[in-house]
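Values in this text are rule-based calculations from the coordinates and carry no lab data. Because the structure is predicted, anything quoted here is derived from the model rather than measured. Here Cβ is always computed from backbone atoms with ideal geometry, including for glycine, and neighbour counts include all displayed protein chains.
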Amino acid sequence: MKRSSVIRRVVLAATAVVLAAGCTPWGDDTGKGTVSPAPTTAAPAPTSGGTGDDKPSSPATPSASATASTGTPSASATTEAPTGRILMKDGDENAQVRELQARLRQIGYFDRAPTGFYGTMTAGAVKGFQKKRELPQTGSVDETTWQRLLGMTRKPTAAELRPATTNKLDTPDPRCMTGRVMCISKESRTLAWMIDGKVVSSFDVRFGSENTPTREGEFKVEWKARDWTSTIYHTPMPYAMFFSRGQAVHYSADFAARGYNGASHGCVNVRDKAKLAVLFDQVKVGDKVVVHW
C-alpha cells in the first residue's frame, strides 16, 4: 500500500472519532436540515466535555475531668475521632455521592436534587453538617462523618435519589452576567436563560458521558433547527440550538423518560419540551452559551 493511502486512512479515522464525540457531525450554518460534508482533515479535538439535634461527639483530646480522675483519656474522648480515611471528596462522581446528597437533603443540608457529583455545593453541605457535630470541617467525608450521617438518616428511596423536581439553580458564572446567554451549570445540572444578569427561565439538563463529554467554555449559538435528527445516532433532536460543532442544547425524550439514569452523546439534554419550545423562539443565532462547573 502506498504511503499516501495509509496517511489518508489515518486522517479519516481520526476525523471520524472526533466527530462522533458530538450529537451530530458538523452541520451547515443555515439550520435547514442539510449537512456539510465531513472535513477531509482531522477536526480539532474537543476541549474539556441540617436540622439534626444529635449531641456533638467528644473531642479527640482528653477532657480535664477525664485526666484529673484517672490520669488517662476517657473512652468517649477517643471513639469519635476522625479516622483520616477519606471516603468521598471534591471531584468524585458515583452512586455513593448521590446517596450522600440524598441523606444530607433528608436533614436539611442539601437543598437540591442529588446529582452524584461532589462539587463545591456538596462540600459546603458537608462542612455545615460537620460544624454542627463539632467534627473537623474539611468538606470531605471521612469514616466518622459518614457514620454520623448514617446514624441520623435512613436509606434513600429511589424517588429521593432521582427526584422529578426541578434542580435549584447554581450561582451564575461571571461570564453569564452580561448580554443574552444560556448559562449552563454541570454541577447543579441546570440551564438558566439570562438577559443582562436576570434569569428569565430555567431548565433541568443532563450532559454527555465520560466517553462523550459535553465541552466546557464560552460559545455562541451557531445555528438552530426546530426539527432535527442526529445523523450519527439517528435520534430526534427537537429544538436544537448548536453551539460547539455537533453539540447542541435540545429536547430529549430519553431524558424525559429516564432522567439521570442515562446520558447524552455530548449535547445538553432538556426534558421539558414545552418550555424549551418557548426558549427556542427567544434565543437568536449569535447569543452566548456558557458551560461551566
I need to check one value: relative contact order of the range 139-293, counting alpha carbon pairs closer than 8 Å and at least 6 residues apart, in percent. 24
Rg and Dmax of the range 96-172 over Cα atoms: what are they, in angstrom? 11.9, 35
What are the ³J(HN,Hα) couplings of the range 234-251, residue after residue, when phi is run through the Karplus curve with 6.51, -1.76, 1.60 and θ = phi - 60°? Round to Hz, x for glycine and proline. 6, 10, x, 10, x, 6, 7, 10, 7, 10, 8, 6, x, 8, 8, 8, 7, 6
Considering only DSSP states other than H, G, I, E and B, which trypsin sites (Lys or Arg not before Pro) in the range 139-216 qualify as loop sites with at most 15 other Cβ atoms within 10 Å? R154, K168
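Once you order the gyration tensor axes a ≥ b ≥ c over the Cα atoms, which shape class does the range 211-293 get: rounded for a/c under 1.5, otherwise prolate or oblate by comparing a/b with b/c?
It comes out rounded by the Cα gyration axes.
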Loop-only GluC sites (Glu not before Pro) in the range 91-168, please: DSSP not H, G, I, E or B, and at most 13 other Cβ atoms within 10 Å. E134
So what is the relative contact order for the range 84-202, in percent, with contacts set as C-alpha pairs under 8 Å and at least six apart? 23
Counting other Cβ atoms within 10 Å, which trypsin sites (Lys or Arg not before Pro) in the range 234-293 have at most 16 and lie in a DSSP loop? K284
